[in-house]
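Undergrad: Following this message is one structure expressed as structure tokens.
Only the coordinates and a few stated rules stand behind these numbers; no lab work does. This is a predicted model, so every value here is computed, not measured. No Cβ is skipped: glycine too gets one built from the backbone with ideal geometry, and neighbour counts run over all protein chains shown.
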Amino acid sequence: MVSIPTSGQCLALMDEYKVMDHVRQHCRKVAEVAIFIANKLIAAGIKLNIPLIEAAALLHDITKIEALEQGGNHAETGANLLEKLGFLTVAHIVRQHVHLAGPIIGTPVNEAEVVNYADKRVLHTTVVSLGGRFDYIREKYGHGDPVRITRINRIEEETRELEKKLFAQLPIKPEEMPHFRSI
């Protein structure tokens with residue numbers, strides 16, 4: 001049986017691991033966007049696990065501040081923490097919220113893709129375009145380093161492929177997401 005924490009347990013974990021309020025708010029918005037997309041995909045006939053998506057979205061940045069302060073990959077440290085806590089399936093998705101592990105094209109839509117994409121559409125607590133989000137990511141995390149910028153650009157290309165895959169199944173366009181604001 002897959003162990004998935006409830007939303008209440010996720011919030012308690014955020015308390016226990018001292019997730020800062022602005023990160024919590026971002027995670028809640030990512031969960032809201034991921035669940036919105038997942039419900040639309042389910043209505044289109046795609047099988048997805050909503051509790052798994054919600055838990056992974058809520059916990060995707062559980063070690064973000066720690067990783068920024070101490071260095072390290074927050075997707076990896078967050079996944080490692082969740083594995084240690086026994087949430088292996090959630091950890092698998094958290095590990096992929098920055099960069100997906102497998103191919104996008106030619107595979108069924110899965111929960112990791114939904115969480116990954118939702119995170120890329122939320123800047124702080126605002127639903128934005130991929131272009132706006134990646135401009136922010138390049139500025140905030142690129143540090144003018146060509147290697148980092150190249151990695152961010154690759155992730156942006158991957159996310160644009162993912163967006164095409166997801167929205168090919170949906171009755172809306174990316175810019176028709178609720179609360180979308182162009183930046």
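Undergrad: Which whole-Hz couplings ³J(HN,Hα) result when phi for each residue of the stretch 87-93 is put into the Karplus expression 6.51 cos²θ - 1.76 cosθ + 1.60, θ = phi - 60°, listed in order with x for Gly and Pro?
TA: 9, 5, 5, 5, 4, 4, 6
Undergrad: Cα gyration tensor of the stretch 1-107, axes a ≥ b ≥ c as square roots of the eigenvalues: rounded (a/c below 1.5), prolate (a/b > b/c) or oblate?
TA: prolate
Undergrad: Report the gain in length on full extension from Ala168 to Arg154: 0.36 nm times residue separation, minus Cα-Cα distance, nm rounded to one decimal.
TA: On the way: separation 14, 0.36 × 14 = 5.04 nm, distance 2.14 nm.
This chain segment gains 2.9 nm when fully extended.
Undergrad: With the Cα gyration tensor of the stretch 7-176 giving a ≥ b ≥ c as the square roots of its eigenvalues, does the rule (a/c under 1.5 for rounded; else a/b larger than b/c for prolate; else oblate) give rounded, prolate or oblate?
TA: Numbers: a/c = 1.55, a/b = 1.10, b/c = 1.41.
Oblate, since a/c reaches 1.5 and b/c is not below a/b.
Undergrad: In whole Hz, with x marking every Gly and Pro, tabulate ³J(HN,Hα) for the stretch 140-157 from phi via Karplus 6.51 cos²θ - 1.76 cosθ + 1.60, θ = phi - 60°.
TA: Once θ is set to phi - 60°, the couplings for the stretch 140-157 become 6, 10, x, 6, x, 7, x, 5, 5, 4, 4, 5, 5, 4, 5, 5, 4, 4 Hz.
Undergrad: I would also like to ask the following. What does the helix-only formula give at 222 nm for the chain: each DSSP H stretch with n ≥ 4 adding -39500 (n - 2.57), the total divided by the residues, and the result rounded to the nearest 500 deg cm²/dmol? Don't skip to the end; give the middle numbers.
TA: Numbers: 9 runs with 114 residues, N = 183.
For the chain, the value works out to -19500 deg cm²/dmol.
Undergrad: Kindly state, to the nearest 0.05, the FRET efficiency for Asp15 paired with Ala101, given R0 = 35 Å and r defined as their beta-carbon distance.
TA: 0.75
Undergrad: For the chain, set up a GNM with springs between Cα atoms under 10 Å and report which of Leu85, Leu166, Leu58 has the largest fluctuation.
TA: Greatest mean-square fluctuation among the candidates belongs to Leu85.
Undergrad: A further question follows. Would you mind checking which residues have amide H under 5 Å from Val127's amide H? H placed 1.01 Å from N; only 5 or more apart, or other chain.
TA: Those qualifying (amide H under 5 Å, at least 5 residues apart or on another chain) are Arg181.
Undergrad: Which residues make up the longest stretch of the chain that has no trypsin sites (Lys or Arg not before Pro) in a DSSP loop with at most 13 other Cβ atoms within 10 Å?
TA: Free of exposed loop sites, the longest segment is 48-180.
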